[in-house]
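The values are calculated or read from the model by the stated rules, or taken from the named source; none is laboratory data. Model, not experiment: these values are computed from the prediction. Note that each Cβ is placed from the backbone with ideal geometry, even for glycine, and that neighbours are counted across all protein chains shown.
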């Protein structure tokens, strides 16, 4: 079983049309044949199919309010119980937590001006902007997700940046479906797992109903003109507060890994080898005065 | 003196052409007649003119690496001293800190494929993605800024959302030049000032070289389908960590303003009246279980 793939499927650009769920599954756009959400609780959701199953869905084209699954009577399709944040519902929540893109496919049975007249159409990548609970029209709690289309200009801008970084090990082409805003990559997920989502500076681990939250901070920034790499030797696992402070140069890190500008020490696990040139780049550009004293 | 205006100037869309700096100043696109950066240290920068003054500038169209001012010899134009993070340089840094948009104007003397052949052209809104110091070609420290074009689709998407929210006092049309990503509004700036950039939950105040950093969190979210308002009665001043925890519903706030889900108490100043319906909306949608016990 290959690893779950997030992002565009090569050879099937936005607007590609398919006759059936089986055809979608075959090319990997949406693997399950029946379920509307493709994904797992641990990996996140990589695609959804809108096919008009839920009366509470709202489709505005570039924004979709999507309803989770569960709690419906198999025969009548009516909501007869609360939905839980589990299975596909939790997978979509995880996609927000991890900043993963979700492929959206609209089917002809989807009740929306944006539905194709027949079959299924791949409509591009969306991000899960928000999720919450509310009482649906039937009076039971449902989980809802606000999906916002990822602007292709941003994808291509990011793609261009990653391709042009020659001097350092550049992020791979396949990561370009991931937005600059969210900056999720396999390496980012790896460093967060390495520290169990605890901040390397303060030990904070933020908890959500979809799991722990942490941020992967690049030491030497990605993109022009810094061209830092997306390798683990250029990443830190930080809480959002220390990520802000690091990006502004309020603190930096000495060659011996002691902290400059704030109290405390950096937690480092053995498997995490930071490249000293990256630390020097950050000090030189974001905290030059600390560099002189450090 | 009217308040500094951030965003598009009505009547002068992107692509508008002007013969001179005086013409730019007259319509308010870029008020100073000589300085490249328009803005103040306290308000931020609202516009810049690219006119080829600095040898270190890089212009890739949608991304610009811009060099700050100062340290140049008046006669030769050569860099003869380090640049400081003050005046226009600090104003641009403040624009990043506050998430403000910057109007970019290119002049014919700007050395770039994107420069107009004569006069000046307004090229739209950019955000300050990053700023840092580095040694310029002359060997002195200069301040540099990475400006990234704001994608118009995002502006219009946000604009549409704010316009369609009828039931509650909607964010005003003039705020639509500000991105969803940064969500800066006058109300956001006001609430941060009210708490002196300290988190209402933990008292944290993050410091940067351009001033303190805090985030304005909406209690009832903006946009479809929540349609929360951008008024101060729907805002909290939070550090990034507590913003994440609040948005995921890890904690919520009871009608008596006690915290649910985490320890501690909410700091409230007299001038800040929170609407209880907004707190209830957040509990109902993001922490239903806490709502039941709360």
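Of all the listed residues (A:145, A:114), the sole one being at pLDDT 90 or above, buried (at least 20 other Cβ atoms within 10 Å of the Cβ) and assigned by TED's automatic domain parsing to the domain that holds residue A:30 is A:145. If a residue must be part of a loop (DSSP other than H, G, I, E, B) and at the interface with another protein chain (Cβ under 10 Å from one of its Cβ atoms), how many such residues does the stretch B:275-293 contain? So the answer is 1. When residues in the stretch A:117-146 are screened for being in contact with a helix residue (DSSP H, G or I) (Cβ under 9 Å, 6 or more places away or on another chain), more than 21 Å from residue B:250 (Cβ to Cβ) and in contact (Cβ under 8 Å) with a residue 12 or more places away in the chain, 5 of them pass.
When residue A:202 is tested against (1) modelled with pLDDT of 90 or more; (2) within 27 Å of residue B:225 (Cα to Cα); (3) assigned to a loop (DSSP other than H, G, I, E, B), exactly one condition is not met: (2).
Quick check on my filter: what residues within the stretch A:219-246 are at pLDDT below 95, within 11 Å of chain B (Cβ to nearest Cβ) and within 25 Å of residue A:98 (Cβ to Cβ)? Within the stretch A:219-246, A:221, A:222, A:223, A:226 meet the criteria.
Residue under question is residue A:49, and the condition is that it be at pLDDT 90 or above and within 14 Å of another protein chain (Cβ to nearest Cβ); does it hold? Here the answer is no, as residue A:49 does not meet what is asked. Residue A:250 meets all of the listed conditions (1) at pLDDT 95 or above; (2) more than 10 Å from every other protein chain (Cβ to nearest Cβ); (3) in contact with a strand residue (DSSP E or B) (Cβ under 9 Å, 6 or more places away or on another chain) but one, namely (2).
Considering only residues in the stretch B:173-189 that are within 20 Å of residue B:272 (Cα to Cα) and in contact with a helix residue (DSSP H, G or I) (Cβ under 6 Å, 6 or more places away or on another chain), the one that is modelled with the highest pLDDT turns out to be B:187.
Here is a yes/no grid of residues against (1) in a loop (DSSP other than H, G, I, E, B); (2) buried (at least 18 other Cβ atoms within 10 Å of the Cβ); (3) out of contact with any strand residue (DSSP E or B) (no Cβ under 9 Å at 6 or more places or on another chain):
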{"residue": "A:221", "(1), (2), (3)": "yes, yes, no"}
{"residue": "A:230", "(1), (2), (3)": "yes, yes, no"}
{"residue": "A:242", "(1), (2), (3)": "no, yes, no"}
{"residue": "A:255", "(1), (2), (3)": "yes, no, yes"}
{"residue": "A:262", "(1), (2), (3)": "yes, no, yes"}
{"residue": "A:268", "(1), (2), (3)": "yes, no, yes"}
{"residue": "A:273", "(1), (2), (3)": "yes, no, yes"}
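Against the test of being surrounded by fewer than 21 Cβ atoms within 10 Å (Cβ to Cβ), free of Cβ contacts under 8 Å to residues at least 12 places away in the same chain and touching a strand residue (DSSP E or B) at 6+ places or on another chain (Cβ under 7 Å), the options A:58, A:14 yield a single qualifying residue, A:58.
For the criterion of being farther than 21 Å from residue B:213 by Cα and either out of contact with any strand residue (DSSP E or B) (no Cβ under 7 Å at 6 or more places or on another chain) or surrounded by fewer than 21 Cβ atoms within 10 Å (Cβ to Cβ) (or both), residue A:278 passes. Just one residue in the set A:47, A:42 is exposed (fewer than 15 other Cβ atoms within 10 Å of the Cβ) and closer than 24 Å to residue A:190 by Cβ; that residue is A:42.
Condition check: touching a helix residue (DSSP H, G or I) at 6+ places or on another chain (Cβ under 7 Å), outside the structural domain of residue B:193 (by TED's automatic domain parsing) and modelled with pLDDT of 90 or more. Does residue B:88 satisfy that? Taking the combined requirement at face value, the residue does not satisfy it.
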